[in-house]
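A.B. asks: Take this structure, written in structure tokens, and hold onto it; I'll ask about it next.
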Amino acid sequence: RNAAASAASGEYILLMDDDNVARPQEVETLGSVAKATGADVFTAQQQPFVGSAGAPRHVAERPIGFLPTGANIALGLYENCFGDLNMMVATKTWHALCGFPTDRCGCEDYEFLARAVLKGYKLECIPEILFYYRVSDNQLARRYDEASLYRSFVRPIRPYIHGLPRELQAAFSFAVTSRRHAERMAGHGYWHREDVEFNSL
């Protein structure tokens, strides 16, 4: 993604994962919001579905599951309220933030969005389903072992603790890692491995 973005010549960069399918109005809507708000980063809602076929014919009336709400810095320390990797970023903002971190283990989009908001860039989370998200047991995060999942879900704390005194770094780290440990012990989120049927919703 960093290599592709470095070759981009347009005003904005649109990122998508290989398990995302754009709805027909995604690019138009993102462009309209960009023009109206002058924001730097844009995220939106998703509709998950399962199976190897194309996107579902049924369009949900409201988001299912993951529901980002926008640039809430306090909440973002504990939950990804910012949005999905399916995002549009002003090219100058992407370069100013040096793109995604290159140590791959997951949640690099969450970390990027947290860094953007903490540095004062304006994030707009559009309250409309603009893409479909394919849910599969073969997804990268579901192939991670517990140690890799843990590293992934605590990495977004890095923008929060950057530049803080050591004592505060430890406090922030303890708060987030305690939350993630509780989720793991309860089997929530990606630690919950049972299949979920989304197509009927």
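The values are calculated or read from the model by the stated rules, or taken from the named source; none is laboratory data. Bear in mind the structure is a predicted one, so any value in this text is a computation, not a measurement. All Cβ positions, even for glycine, are placed from backbone atoms using ideal geometry, and neighbour counts span all protein chains on display. The protein model used for the area step is the full one, side chains on, heavy atoms only, and it has no ligands, DNA or RNA in it. Shrake-Rupley method; radii C 1.70, N 1.55, O 1.52, S 1.80 Å.
A.B. asks: How about the stretch 118-132: which of its residues are in contact (Cβ under 8 Å) with a residue 40 or more places away in the chain and of a type outside the set (D, E, K, R)?
C.D. replies: Leu118, Tyr121, Leu123, Cys125, Ile126, Pro127, Ile129, Leu130, Phe131, Tyr132
A.B. asks: Just to be sure, is Val117 β-branched (Val, Ile, Thr), buried (at least 20 other Cβ atoms within 10 Å of the Cβ) and assigned to a helix (DSSP H, G or I)?
C.D. replies: Considered against the rule, which asks whether it is β-branched (Val, Ile, Thr), buried (at least 20 other Cβ atoms within 10 Å of the Cβ) and assigned to a helix (DSSP H, G or I), Val117 comes out as yes.
A.B. asks: Right, another one. I'd like to know if the stretch 91-107 contains one or more residues that are over 26 Å from Ser173 (Cα atoms), modelled with pLDDT under 85 and not hydroxyl-bearing (Ser, Thr, Tyr).
C.D. replies: Looking for residues that are over 26 Å from Ser173 (Cα atoms), modelled with pLDDT under 85 and not hydroxyl-bearing (Ser, Thr, Tyr), one finds none in the stretch 91-107, hence no.
A.B. asks: Any residue in the stretch 42-51 that is modelled with pLDDT of 95 or more and of a type in the set (A, V, I, L, M)?
C.D. replies: The answer is yes, given that some residue of the stretch 42-51 is modelled with pLDDT of 95 or more and of a type in the set (A, V, I, L, M).
A.B. asks: Restricting to the stretch 62-75, name every residue that is modelled with pLDDT of 90 or more and assigned to a loop (DSSP other than H, G, I, E, B).
C.D. replies: Step one: of the stretch 62-75, the residues modelled with pLDDT of 90 or more are 67-75.
Scanning the stretch 62-75 gives Leu67, Pro68, Thr69, Gly70, Ala71, Asn72.
A.B. asks: I would also like to ask the following. Given Gly99, Gly106, which one is farther than 14 Å from Ile129 by Cβ and free of Cβ contacts under 8 Å to residues at least 60 places away in the same chain?
C.D. replies: Values: Gly99 fails: free of Cβ contacts under 8 Å to residues at least 60 places away in the same chain.
The unique qualifying residue is Gly106.
A.B. asks: Select, from Ala53, Ala44, the only residue that is within 23 Å of Ala8 (Cα to Cα) and either under 16 Å from the mean Cα position of the chain (by Cα) or not in a strand (DSSP E or B) (or both).
C.D. replies: Selected residue: Ala44, the only one of Ala53, Ala44 that is within 23 Å of Ala8 (Cα to Cα) and either under 16 Å from the mean Cα position of the chain (by Cα) or not in a strand (DSSP E or B) (or both).
A.B. asks: Another question about this same structure. Looking at this structure, is Ile157 in a strand (DSSP E or B), modelled with pLDDT of 70 or more and of a type in the set (Val, Ile, Thr)?
C.D. replies: no
A.B. asks: Could you tell me which of the residues Arg62, Arg23, Arg57 is among the basic types (Lys, Arg), touching a Ser or Thr at 6+ places or on another chain (Cβ under 9 Å) and over 15 Å from Arg155 (Cβ atoms)?
C.D. replies: On the way: Arg62 fails: touching a Ser or Thr at 6+ places or on another chain (Cβ under 9 Å); Arg57 fails: touching a Ser or Thr at 6+ places or on another chain (Cβ under 9 Å).
Answer to the selection: Arg23.
A.B. asks: Next question. Is the stretch 56-75 home to any residue that is touching a helix residue (DSSP H, G or I) at 6+ places or on another chain (Cβ under 8 Å), in contact (Cβ under 8 Å) with a residue 12 or more places away in the chain and surrounded by fewer than 18 Cβ atoms within 10 Å (Cβ to Cβ)? Talk me through it step by step, then tell me what you get.
C.D. replies: First, the residues of the stretch 56-75 that are touching a helix residue (DSSP H, G or I) at 6+ places or on another chain (Cβ under 8 Å): 69, 71, 73.
Pick out the ones that are also in contact (Cβ under 8 Å) with a residue 12 or more places away in the chain and you get 69, 71, 73.
Narrowing further to those that are surrounded by fewer than 18 Cβ atoms within 10 Å (Cβ to Cβ): 69, 73.
Looking for residues that are touching a helix residue (DSSP H, G or I) at 6+ places or on another chain (Cβ under 8 Å), in contact (Cβ under 8 Å) with a residue 12 or more places away in the chain and surrounded by fewer than 18 Cβ atoms within 10 Å (Cβ to Cβ), one finds at least one in the stretch 56-75, hence yes.
A.B. asks: Here is a further query. Residues in the stretch 76-87: is at least one free of Cβ contacts under 8 Å to residues at least 60 places away in the same chain, open to solvent by 70 Å² or more (accessible area, probe 1.4 Å) and assigned to a loop (DSSP other than H, G, I, E, B)?
C.D. replies: Looking for residues that are free of Cβ contacts under 8 Å to residues at least 60 places away in the same chain, open to solvent by 70 Å² or more (accessible area, probe 1.4 Å) and assigned to a loop (DSSP other than H, G, I, E, B), one finds none in the stretch 76-87, hence no.
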